[in-house]
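The next block holds one structure in the form of structure tokens; read it before the comments.
The values are calculated or read from the model by the stated rules, or taken from the named source; none is laboratory data. Just so we're clear, the structure is a prediction, and the values are computed from it rather than from any experiment. Here the Cβ is made from the backbone with ideal geometry for all residues, glycine too, and neighbour counts use every protein chain on show.
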Amino acid sequence: MRNFKKILVTGGCGFIGSNFIENILCNNFLEIEGGLSLFNLDKLTYAGDLKNTRNFENDERYEFIEGDICDENLVLKILSEHSIDLIVNFAAESHVDNSIEAPEDFINTNILGTYNLLKCSEVIRRKFKRNIIFIHISTDEVYGSLKKDDSSFSEMNQFKPNSPYSASKASSDHLVRAWNKTYNLNTIITNCSNNYGPNQNVEKLIPKIIFNAINLKPITIYGNGLNIRDWLYVDDHCSAICKVINHGDFGETYNIGGLNEITNLSIAETICSILEEYLPIGKQRNQNQISSYEDLITFVKDRPGHDFRYSIDSKKIQTKLNWSPKENFDSGIRKTLKWYIKKFT
């Protein structure tokens, strides 16, 4: 068991970060002996929301710090004053559409922000002879796009990013690897497939479909809707990260997938079908001359550089760290729908 008790989570008011913190503080996902202190550094952009931390905001082991991972003085202060043992870096700009419109934000946060965290960790190592564990949370999008019959992405795949977002994440992954090889920083990279679950921003595909369906608005799908993604329930992702923290080898990369490859159109159809069970269309205030939620599905022009398929090969983390997802897509999406129905109605 690794000896760490002082944890810095960056981007902990966002979707995955807030779920990760809750699973540590409330569900004891991490193997820790004795007490722990967890610090959440978040800039509170539109994707970070203090409401996501309500379940643990009064926990005496938790402290929120508003700030930017690009702020060198702030990061050094946190690492030194709180004797941080472990950094889990979730902080990132992550929406592909936004990266096409405003790539500068992605360069600043995803590349320069990660660089600053690494640089400050190395300063602490040299000054205090203490090697911080650095866990970098990344994406399968760094590997590019697959054809329908291509083999799934393994950790050995070359990086071939196709959007400003995925290019910025690929750059940050390279930096993390370099700080391990050059400065001997204890780093691990995880590349996950598409996440879904509570606290996700409504700009993302699944909550956007749910929100629009509940409000009887058009459910817009890019192109013909046949683009394929592998879907990972957020709690499964958090459990995988904890396995990596406790038992992963430094300098390694671990792919984390949900084993659920589904087309975007099938996602929309599945959500609409389950919504008919949970919130029948006949009980809605305004039926807009539709008989089912599926009538809301609308196809729009495809976005530039839209990757066709992502597929994760998770054999490494399954065999070496004994991890596998607990949720299939049906069980995970039902939990997700119930959470968003409560939020949106």
Worksheet item: So which residues in the range 299-319 are free of Cβ contacts under 8 Å to residues at least 24 places away in the same chain and more than 17 Å from residue 260 (Cβ to Cβ), if there are any at all?
Response: 319
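If the requirement is being of a type in the set (S, T, N, Q) and crowded, with 18+ Cβ neighbours inside 10 Å, which of these qualifies: 151, 163?
163
Within the range 121-144, identify whether any single residue is within 27 Å of residue 76 (Cα to Cα), under 17 Å from the mean Cα position of the chain (by Cα), at pLDDT 95 or above and part of a helix (DSSP H, G or I), and answer yes or no. Steps first, answer last, please.
To start, the set of residues in the range 121-144 that are within 27 Å of residue 76 (Cα to Cα) comprises 121-139.
Within this subset, residues satisfying the condition of being under 17 Å from the mean Cα position of the chain (by Cα) are 134-139.
Those left that are additionally at pLDDT 95 or above: 134-139.
Filter again for part of a helix (DSSP H, G or I), leaving none.
Among the residues of the range 121-144, not one is within 27 Å of residue 76 (Cα to Cα), under 17 Å from the mean Cα position of the chain (by Cα), at pLDDT 95 or above and part of a helix (DSSP H, G or I), which makes the answer no.
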Fill in: Scope the range 303-341; condition at pLDDT below 95 and either among the aromatic types (Phe, Trp, Tyr) or more than 16 Å from residue 230 (Cα to Cα) (or both); matching residues
303, 304, 305
Response to the item:
Note on residue 278: of the conditions (1) more than 30 Å from residue 238 (Cβ to Cβ); (2) exposed (fewer than 13 other Cβ atoms within 10 Å of the Cβ); (3) over 23 Å from the mean Cα position of the chain (by Cα), unmet is (1)
Item to complete: Please find, within the range 309-342, the residue that is surrounded by the most Cβ atoms within 10 Å (Cβ to Cβ) out of those that are in contact with a Phe, Trp or Tyr (Cβ under 7 Å, 6 or more places away or on another chain) and among the acidic types (Asp, Glu).
Response: 327
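Being modelled with pLDDT under 95 and touching an Asp or Glu at 6+ places or on another chain (Cβ under 9 Å): is that true of residue 155 here? Spell out how you get there, then give the answer.
On the way: modelled with pLDDT under 95: no; touching an Asp or Glu at 6+ places or on another chain (Cβ under 9 Å): yes.
For residue 155, the condition - modelled with pLDDT under 95 and touching an Asp or Glu at 6+ places or on another chain (Cβ under 9 Å) - is not met.
Of the residues 202, 176, which single one is surrounded by fewer than 20 Cβ atoms within 10 Å (Cβ to Cβ) and either not basic (Lys, Arg) or not in a helix (DSSP H, G or I) (or both)?
Working: 176 fails: surrounded by fewer than 20 Cβ atoms within 10 Å (Cβ to Cβ).
None of the others qualify; the one that does is 202.
In the range 160-167, is there at least one residue being touching a helix residue (DSSP H, G or I) at 6+ places or on another chain (Cβ under 7 Å), under 22 Å from residue 306 (Cβ atoms), part of a helix (DSSP H, G or I) and of a type in the set (Ser, Thr, Tyr)? Lay out the reasoning, then the answer.
Keep residues of the range 160-167 that are touching a helix residue (DSSP H, G or I) at 6+ places or on another chain (Cβ under 7 Å), which gives 160-161, 163-166.
The next check asks that each one be under 22 Å from residue 306 (Cβ atoms); those that pass are 160-161, 163-166.
Narrowing further to those that are part of a helix (DSSP H, G or I): 164-166.
With of a type in the set (Ser, Thr, Tyr) added as a condition, the list becomes 165-166.
Within the range 160-167 (the criterion being touching a helix residue (DSSP H, G or I) at 6+ places or on another chain (Cβ under 7 Å), under 22 Å from residue 306 (Cβ atoms), part of a helix (DSSP H, G or I) and of a type in the set (Ser, Thr, Tyr)), the answer is yes, since at least one residue qualifies.
For the range 1-22, name all the residues that are at pLDDT 95 or above and not small (Gly, Ala, Ser). So that I can check it myself, show each step before the final result.
Here is the first cut: in the range 1-22, the residues at pLDDT 95 or above are 6-22.
6, 7, 8, 9, 10, 13, 15, 16, 19, 20, 21, 22 - these are the residues of the range 1-22 that are at pLDDT 95 or above and not small (Gly, Ala, Ser).
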Worksheet item: Do any strands (runs of 3 or more DSSP E) lying entirely in the range 1-97 carry at least 1 residues that are surrounded by fewer than 22 Cβ atoms within 10 Å (Cβ to Cβ) and of a type in the set (Lys, Arg), and which ones are they?
Response: 6-10
Practice prompt. Please name all residue pairs, on different chains or six or more residues apart, with Cβ atoms under 8 Å, provided the first residue is in the range 149-164 and is basic (Lys, Arg) and the second residue is part of a loop (DSSP other than H, G, I, E, B).
Written response: 160/144; 160/145
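I need a count of the residues in the range 79-101 that are over 19 Å from residue 187 (Cα atoms) and modelled with pLDDT of 95 or more.
The first filter runs over the range 79-101 and keeps only residues over 19 Å from residue 187 (Cα atoms), leaving 81-82, 93-101.
With the extra rule that they be modelled with pLDDT of 95 or more, the set shrinks to 81-82.
Number of matching residues: 2.
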